[in-house]
Amino acid sequence: AMGHVLTGLRQNQFAAGSISDFAHVNRVEGLALGVGAAFRSANEARELRLRVGVGTASGLVIGGAGLQMRRGSATWRLAGSREVRDLGDMPVISRAVNSLSSQEGGRDYGDYYLASGGTISVTGAVGGRTTLKLEAGYDQIDSLSSSGVGWSRGPYARPNPGVAEGGWTVVRLTLKRRTPSFAVNRDLSGRVDVEGGVGPSDYLRTFAEGRWLLPAGAMSFLLRAAVGATNGHLPDHRAFVLGGRGTLLGEPFRGRRGTRMTWASAEWQVPVGVPEVRMGSFAGTGRRLTLAPNVAVGWTEGLVTGSGLPGGPDISLGLGASWLHDLLRFDVGYGISSRRLGFSMDVSRSFWDIL
């Protein structure tokens with residue numbers, strides 16, 4: 001009863017993980033529509049979630065069901081799903097903005113495959129912000145095609161890459177420390193994944209990423225890093241990818257692919273005063289703009305099948321600007337290897353999970 005009062009959630013309601021679960025656009029589904037529901041016990045210790053969706057252009061049907069039970073500090077979950085997944089470990093764009101970019105610009109910043117199967121997991125709290133999750137399951141992996149799916153002015157220029165198809169039994173251990181809130185001036189967060197798979201090609205894979213925000217008076221420094229390693233072989237759908245938006249702006253998008261990866265970025269956030277644009281009687285754009293000169297470097301090693309090659313190091317020099325109370329982020333980056341400029345616009349990363 002106390003949990004219900006604190007969260008304010010109804011026992012039975014329509015539900016989704018993000019707004020894009022109801023509607024989104026990409027180059028393998030076209031316009032995809034979905035719906036979900038959640039059914040909870042009175043004390044919210046048990047929860048059943050159901051979801052289903054369909055791609056209107058491809059006719060691809062996806063969905064899933066998950067039963068969750070909380071006992072003390074541990075949460076058990078049994079789930080089955082048929083879903084579209086992205087190749088990358090690090091998200092590079094919010095799904096809502098990617099839908100707009102895909103539909104109106106013909107640029108889809110994702111590489112997709114179909115995963116069908118089931119999992120059982122247990123998650124325990126390790127401190128107030130840290131969790132440890134052990135998960136085991138089975139994944140049937142299949143390729144997805146972008147043929148027959150187009151944006152508002154024609155077919156997509158970049159085809160969706162294929163993957164090695166087959167079934168894998170997977171065990172994964174994840175240690176995660178989350179960011180506490182939207183408004184923090186000091187933060188250390190990240191995650192470590194150790195994953196093993198048995199199937200057409202066995203593999204052992206480790207991925208770690210971290211984010212460290214450090215205040216320096218009115219300014220701040222943001223350091224981000226990621227590293228991936230394996231036992232020497234990875235199937236296509238679990239390869240490490242780098243390049244372009246989100247990692248090395250200015251370099252070809254996911255132009256680097258390998259069985260090992262290292263990436264790091266450093267950003268200096270400097271607030272500057274700007275004229276405010278009023279939007280009605282009670283709102284405005286704010287009198288501050290945050291400039292963020294940054295540098296990122298990354299490289300991959302080891303051959304995998306599919307598009308992209310190992311290599312590097314690649315370096316991207318960039319300048320970011322956060323505006324409208326830091327809700328919108330604009331970036332320009334220059335790739336040293338490609339000698340090209342890249343541009344991006346998105347909402348604040350704080351909203352990516354819900355969009």
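What the table below lists for this structure:
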read-out	value
Residue 309 being at pLDDT below 85 and either among the small types (Gly, Ala, Ser) or over 14 Å from residue 249 (Cα atoms) (or both)	yes
Test result for residue 46, closer than 19 Å to residue 15 by Cβ, touching a Ser or Thr at 6+ places or on another chain (Cβ under 6 Å) and surrounded by fewer than 18 Cβ atoms within 10 Å (Cβ to Cβ)	no
Verdict on residue 77 being part of a loop (DSSP other than H, G, I, E, B) and either hydroxyl-bearing (Ser, Thr, Tyr) or touching a Ser or Thr at 6+ places or on another chain (Cβ under 8 Å) (or both)	no
Test set (1) without any contact (Cβ under 8 Å) to a residue 40 or more places away in the chain; (2) open to solvent by 40 Å² or more (accessible area, probe 1.4 Å); (3) in contact with a Ser or Thr (Cβ under 8 Å, 6 or more places away or on another chain) - residue 104 fails condition number	(1)
Any hit, the range 157-166, residues being part of a strand (DSSP E or B) and at positive phi	yes
Looking only at the range 224-235, and only at residues there that are surrounded by fewer than 21 Cβ atoms within 10 Å (Cβ to Cβ) and under 18 Å from the mean Cα position of the chain (by Cα), the one that is farthest from residue 302 (Cα to Cα)	224
Complete set of residues in the range 10-37 that are modelled with pLDDT of 95 or more, over 18 Å from the mean Cα position of the chain (by Cα) and farther than 18 Å from residue 113 by Cβ	31, 33, 34, 35, 36, 37
Selection count, the range 162-190, where residues are open to solvent by less than 80 Å² (accessible area, probe 1.4 Å), within 19 Å of residue 86 (Cβ to Cβ) and within 21 Å of the chain's Cα centre (by Cα)	5
Residue within the range 125-134 that is in a helix (DSSP H, G or I), modelled with pLDDT of 95 or more and over 20 Å from residue 201 (Cβ atoms) present	no
Number of the condition not met by residue 148 [criteria: (1) part of a strand (DSSP E or B); (2) open to solvent by 30 Å² or more (accessible area, probe 1.4 Å); (3) farther than 20 Å from residue 204 by Cβ]	(1)
Residue among 247, 262 that is among the β-branched types (Val, Ile, Thr), touching a residue at least 12 places away in the same chain (Cβ under 8 Å), open to solvent by less than 30 Å² (accessible area, probe 1.4 Å) and touching a strand residue (DSSP E or B) at 6+ places or on another chain (Cβ under 9 Å)	247
Test for residue 159: is it under 21 Å from residue 91 (Cα atoms), over 20 Å from the mean Cα position of the chain (by Cα) and open to solvent by 60 Å² or more (accessible area, probe 1.4 Å)	yes
Test: residue in the range 174-190 that is within 25 Å of residue 121 (Cα to Cα), outside any loop (DSSP other than H, G, I, E, B), touching a residue at least 40 places away in the same chain (Cβ under 8 Å) and β-branched (Val, Ile, Thr)	yes
Unmet criterion (only one of (1) open to solvent by 50 Å² or more (accessible area, probe 1.4 Å); (2) at pLDDT 95 or above; (3) more than 12 Å from residue 28 (Cα to Cα)) for residue 86	(3)
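Here's the yes/no breakdown for (1) surrounded by 15 or more Cβ atoms within 10 Å (Cβ to Cβ); (2) hydroxyl-bearing (Ser, Thr, Tyr):
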{"residue": "300", "(1), (2)": "yes, yes"}
{"residue": "310", "(1), (2)": "yes, no"}
{"residue": "316", "(1), (2)": "yes, yes"}
{"residue": "322", "(1), (2)": "yes, yes"}
{"residue": "325", "(1), (2)": "no, no"}
{"residue": "331", "(1), (2)": "yes, no"}
{"residue": "337", "(1), (2)": "yes, yes"}
{"residue": "344", "(1), (2)": "yes, yes"}
{"residue": "354", "(1), (2)": "no, no"}
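The values are calculated or read from the model by the stated rules, or taken from the named source; none is laboratory data. It should be emphasised that the depicted structure is a prediction, and the values quoted were computed from it without experimental measurement. Using ideal geometry, Cβ is built from the backbone for each residue, glycine included, and neighbour counts are taken over all protein chains shown. The area values use the complete protein model at the heavy-atom level, side chains included, leaving out ligands, DNA and RNA. Shrake-Rupley method; radii C 1.70, N 1.55, O 1.52, S 1.80 Å.
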